[in-house]
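Structure first, then comments.
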Amino acid sequence: VVRGGLETLTVEVANAAAAHEIAVAGFGTGTGLQGLRERVGACGGIVDAGPVPGGGWLLCAQLPRRVPAPSA
């Protein structure tokens, strides 16, 4: 889901896995969410991600419509 507001752009990605499904660990570099948080944070945004009740996972990123100027 992508929503645009006057000040922010919100992106939500949901994985509606069944409650009995278990995530398999060890198939990535382990830096995906950390890297995403760093990149979104660099432009003044925030990322929240985690499991949801009943199973599945939700990632929500909020990005500013205007990126702050780099500091000197």
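Just so you know, all these numbers are worked out from the coordinates, no wet-lab data involved. On a predicted model such as this, the values are computed, not experimentally measured, just so you know. Glycine gets a Cβ as well: all are built from the backbone with ideal geometry, and neighbour counts include every protein chain shown.
Using the basic label-point model (7 angstrom from Cα toward the beta carbon), what is the residue 38 to residue 14 distance in nanometres?
It is 3.1 nm.
Between residue 31 and residue 66, what FRET efficiency follows from the Cβ-Cβ distance if R0 is 35 Å, with the result rounded to 0.05?
Numbers: r = 28 Å, r/R0 = 0.79.
Efficiency, from the Cβ-Cβ distance: 0.80.
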